[in-house]
């Protein structure tokens, strides 16, 4: 290896003149710490959904850090049970995933049935008696009447007999 000429800076001289940092681009504190705005947004989301992990993720924090915040902040500790109760009440009003899936399946069944019933009319086949609008209304009224007699208000049907 050759030595540098006299008076030339050494190859490592630029390293001695730069400040040393642990991370070349440190994160701002509000990215990884709780701020008042984050705590308020967390409590708002907790009041909407009643789920601590979901509310913490919505502000970019962990569930564990949310519990630590509750332990060290009196304001958050006082608001936490109120927000959680409101969120759980709100979540109870929302249909479950299974209920939503059952409703969607019923809609798909009804759509397929209605399409099949209307198919002859769409193709111009008037033999089913669906050619004019009056017969369409009669058929709809008959189906509605059948449905109400089979599963509808039985007290009203018995009252008509008396």
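Read the figures in this text as sums done on the coordinates, not as results from a lab. The shown structure was predicted, so the numbers you read here are calculated from the model rather than taken from an experiment. Neighbour counts run over all protein chains shown; Cβ positions are idealised from the backbone, glycine included.
Worth pointing out:
- Approximate spin-label separation residue 77-residue 117, in nm, with each point projected 7 Å along Cα-to-Cβ: 6.3
- Kirkwood Rh, angstrom, the range 31-119 [1 / mean 1/r, Cα pairs]: 15.2
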